[in-house]
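Written below as structure tokens is the structure these notes are about.
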Amino acid sequence: MSSLILHLGILLAFPPLLLGVITKTKAFFAGRRGAPLCQPYYDIFKLMRKGSVYSVTSNWIFRLGPLISTAVILAAGIVLPIAVFKAPVQFGGDIILFIYLLGLARFFMVLAALDTGSSFEGMGACREATFSCLSEITIFLNLTILALLSRGLSLSGIFLGGLASSWMQVGPVLILVAASFFLVLLSENSRIPVDDPETHLELTMIHEVMVLDHSGMELGCILYTQALKLFLFGSMLVSMVLGLMPRNVWGQGLYFILGILGLGVVIGVVESAMARLRLNRVLYLLYSALIFSIFALIVILVRGHV
Amino acid sequence: MTLLLSSLFVCAASIFLMLALARFKKLSSYVFLGSLIASCLLGFFCAAGVLTHQITDLAFRWRGTIPFEEFYIAIDPLSAFFLLLLFILSLAAGIYGFGYLRDYKGARNVAVHFSLYQLLILVIALVLTARNAVLFLVAWELMTVVSYFLVTFYNEKEEVRQAGYLYLIATHTGTFCLILMFFLMGVHAGSMNFDQMALSAYPLGFAGLLFVLAVLGFGVKAGFIPLHIWLPQAHPAAPTHISALLSGVLIKIGIYGLIRLMTIVGNFPLWCGILLLAIGIISGVLGVLYALGQHEIKKLLAYHSIENIGIITLGLGIGLIGHIYHQETVSFIGYAAALLHTFNHAVFKGLLFLSAGSVIKATHTGEMDHMGGLLKVLPWTGHLFLVGSLSICGLPLFNGFISEWLTFRAFLEGVFHFDLYGIMLACIAIAALALIGGLAALCFAKAFGAVFLGTNRSSHPADYKEGDLVLQAPQLLLAAICLWGGVFPAVMLSYAFEGARPMTRLTAPEFLQEAVLNPAFMVTKVLGLAVIFFLVLWLVRKISLCSCTIDRKETWGCGYARVSSRMQYTASSFARPVLRIFRLPVSFKVESRISRGYFPTGAGLSSSVKDASEIFIFRPVFYFIKKLSRALKWIQSGFTPYYILYILFLLVVLLIWKLH
């Protein structure tokens, strides 16, 4: 029970900071002072206190969809180890549950978008569903490879200690997987170069146009969920790259925090240095993520290290 | 066994009763309802009793009653598992059919239809329990013929007759392979009894030959791509409750046949497993892609059946490969996953077909792009369809997730226990399964969104009427099973493992607890947490909304003043980007007619996918057969003396052959 509360505490408190770090980095590159680090928290709290506007077309799916997706992604966070803390719930095969929970959250967001009957939201929903089809394969392959290397079917087994020795033996594989994972992270969390939340034209957006009509608390939930999802992906990537072990709690924990802040900076740098890709180019990005992970698999098979 | 026999007896008796009472339409319908409930409940208890070891007399023999062979039926856990799904689904679909045809005013005799329905249940039960190849084939053929009559209920329509004809031809072609297969096995084993057949050893090459025949024969029924062409035609043509039964039970009988062969023959070469995986991947991915390209809701569901058959076949494939690699754990999980998905698919696909039927009954159209916003006017149907969609996408909280999880689990175990070649196969299958899952979610977001969300796109929307309790109750039953199977999966999991026992040497209980039931319990725990989180958020929202204002406005139309419902994203446009990505395998085409001039009229856009196996495989084959028949037409002159001459000629030839 205490581990569950601790885990939930981290999941509730930390993620918006990551968004703040990204914004700050982008502001630095643009030569501005930028919003304070804690701006995402202020935004979420502000939205939580606001009233909502609902379309007369919409049903309960529009109103509750964002809440469902927040709850489901929080539950997905429960099976994922964070920093040096094992997941409160872990079992063989929780990899699959994790990915399917993300899928469930997405399904309800897509339905909520279609519920408005707006063609913009339909467009966003359609793009989100299409691109996530492709990134889902990559996530599955990556996690399969990691499971194969760490010989465990549970996320805690993989990301806490399972990969530490693999860096010595099959480093290149892990580099490929990390690269592929980073690309998927960008696309799943609608960052540049896949999606640009700050553009002024709805026609070019993916995720942002899908949530165009939400307001008030629902929008707050969406904002928080976005941060949470980024945090979950980031924590997987950082744990994998650092090869964390469940011992030496303070040192490893410090590494993790530095790692995840570093990830925020890297994403910020990527966002500052790149422009958004044209929509049909996004596919190539996803293909290359897939190809990275297929290469990683081939390297494993050729070396025969299993 | 007594239970099953009495259930079958009720079926048989009700057939005669209904035919006798056929003139009294109402009375015979009520006879149907009563006998259906009685026979299905009896059969259900029998199947559940076998799966929980409470029933021990498992065989019934009655010597010398059909020519050449004995009448021998028996239930093992495998049969019991399929009987379970047969009785549950035919109960639900039958009650729905009773309600659906209540106000039928056409020329067909409904009593005959209902007695055929009962006969179908009877012969399917016979197929599932037959332990003799001749009996099996007789029941199999009966099943095909009876279901043909059920499918062509609306046979005043040309396309229904066409679809029925195609169905009959396709499954007969399959039966040809089956007769050949059982003949070869019978000659090899010296008996047509399955027990005797299982005792003899089959050389690997011979087993491979049998396997190919079985895949061809049973695969036509199951709807493996490219043998599936009858399936998307027959499902929309049939009345709704028959489509549900076709998709839920009938195509699964093909899967049952394949599994039965695997229990009899035992050892197969590795390429058989790879063949199954390949079929699974092709059927799964292409099935869902074709489904995405459909505009008609029943056709979409029919293609989804092919996709799910693909997932089931993937489970069977990993089961067989695990068996070949002597990894009994992997094999056991794989087979059980296939069985569980068979059951789950029967339940949620039945639910989806029934609720789609309600939609069609209310709107009088199956075109998704002419619907929209139906959740408000058909709330029950809409929410039941939503439950079915969530289940079929394999999303957590519903039963589809448990079986997909188990299938993934089998492949991941395979990754750990196989050699490099096996790992490669397993990884390819995992990627395919992930793709299938994503595409299925997209497809049902499209279907549910286009039909139930947004506003109505129809040019003349009428006031739609929700169906009554007789139509809702079977759907509610199936939806409840979906939810129960997702939240408390332990019972169905243990049934599935029990059902898979005839195929492996492992015994279920001790292995089950460790590897499957504990994780399944954990899944429930996580889902429970998710529900708690949701309730907390919902409460927070309730409280915070007390002090805030809520506005209700029109959906923002980007400042455009005359927004109409035709501006919404349609089902076709929703599926377009992903179909563009996969345009090669499904030959996706968009054709637009843009009219020019000062007063443009008649612009249009149409998109379509083409079934490659129909165009590239079946059309040339049928064309060839047609040409051949035409070339031989001169034999059939229609002039009687010629035919007498043929007989004489044949007799002379036989005489000469005998004299030599």
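Quick notes on this one:
- Complete set of residues in segment B:549-572 that are aromatic (Phe, Trp, Tyr), surrounded by 11 or more Cβ atoms within 10 Å (Cβ to Cβ) and at pLDDT below 85: B:TRP556
- Residues of segment A:60-90 that are among the aromatic types (Phe, Trp, Tyr), facing chain B (nearest Cβ under 10 Å) and either closer than 26 Å to A:LEU254 by Cβ or crowded, with 24+ Cβ neighbours inside 10 Å (or both): A:PHE62 alone.
- Being in contact with a helix residue (DSSP H, G or I) (Cβ under 9 Å, 6 or more places away or on another chain), closer than 24 Å to B:VAL347 by Cα and surrounded by fewer than 22 Cβ atoms within 10 Å (Cβ to Cβ) holds for only one residue in B:ILE279, B:ILE229, B:ILE274, and it is B:ILE229.
- Considering A:VAL282, A:VAL269, A:VAL249, the condition of being under 18 Å from the mean Cα position of the chain (by Cα) and either of a type in the set (Lys, Arg) or surrounded by fewer than 16 Cβ atoms within 10 Å (Cβ to Cβ) (or both) is satisfied by A:VAL269 alone.
- Residue match in segment B:145-158 (condition: surrounded by 18 or more Cβ atoms within 10 Å (Cβ to Cβ) and closer than 21 Å to B:ASN132 by Cβ): yes
- Residue in segment B:519-534 that is under 21 Å from A:GLY216 (Cβ atoms) and modelled with pLDDT of 90 or more present: yes
- B:ARG619 surrounded by 10 or more Cβ atoms within 10 Å (Cβ to Cβ) and farther than 26 Å from B:LEU166 by Cβ: no
- Residue match in segment B:486-497 (condition: free of Cβ contacts under 8 Å to residues at least 60 places away in the same chain, surrounded by fewer than 19 Cβ atoms within 10 Å (Cβ to Cβ), small (Gly, Ala, Ser) and away from every other protein chain (no Cβ under 13 Å)): yes
- In segment A:24-46, the residues that are within 27 Å of A:GLY216 (Cα to Cα) and in contact with a Gly (Cβ under 7 Å, 6 or more places away or on another chain): A:LYS24, A:LYS26, A:ALA27, A:LEU37, A:CYS38, A:GLN39, A:PRO40, A:ILE44
- Qualifying residue in segment B:390-404 (condition: farther than 21 Å from A:MET123 by Cβ, more than 21 Å from the chain's Cα centre (by Cα) and more than 8 Å from chain A (Cβ to nearest Cβ)): no
- Test: residue in segment A:56-64 that is part of a strand (DSSP E or B), farther than 30 Å from A:GLY161 by Cα and touching a strand residue (DSSP E or B) at 6+ places or on another chain (Cβ under 9 Å): no
- Applying the condition of being farther than 20 Å from B:ASN456 by Cα and not in a loop (DSSP other than H, G, I, E, B) to segment B:545-559 and asking which residue is farthest from the other protein chains (Cβ to nearest Cβ) yields B:CYS546.
- Boolean, B:VAL516 is facing chain A (nearest Cβ under 7 Å), aliphatic (A, V, I, L, M) and in contact (Cβ under 8 Å) with a residue 24 or more places away in the chain: no
- Members of segment A:116-145 found to be touching a residue at least 60 places away in the same chain (Cβ under 8 Å), assigned to a helix (DSSP H, G or I) and closer than 20 Å to B:THR570 by Cα, listed by number: A:PHE120, A:GLU121, A:MET123, A:GLY124, A:ALA125, A:ARG127, A:GLU128, A:PHE131
- Qualifying residue in segment B:611-628 (condition: without any contact (Cβ under 8 Å) to a residue 24 or more places away in the chain and over 17 Å from B:ALA170 (Cβ atoms)): yes
- Residue in segment A:52-59 that is more than 10 Å from chain B (Cβ to nearest Cβ) and within 22 Å of A:ALA105 (Cα to Cα) present: no
The values are calculated or read from the model by the stated rules, or taken from the named source; none is laboratory data. This is a predicted model, so every value here is computed, not measured. Here Cβ is always computed from backbone atoms with ideal geometry, including for glycine, and neighbour counts include all displayed protein chains.
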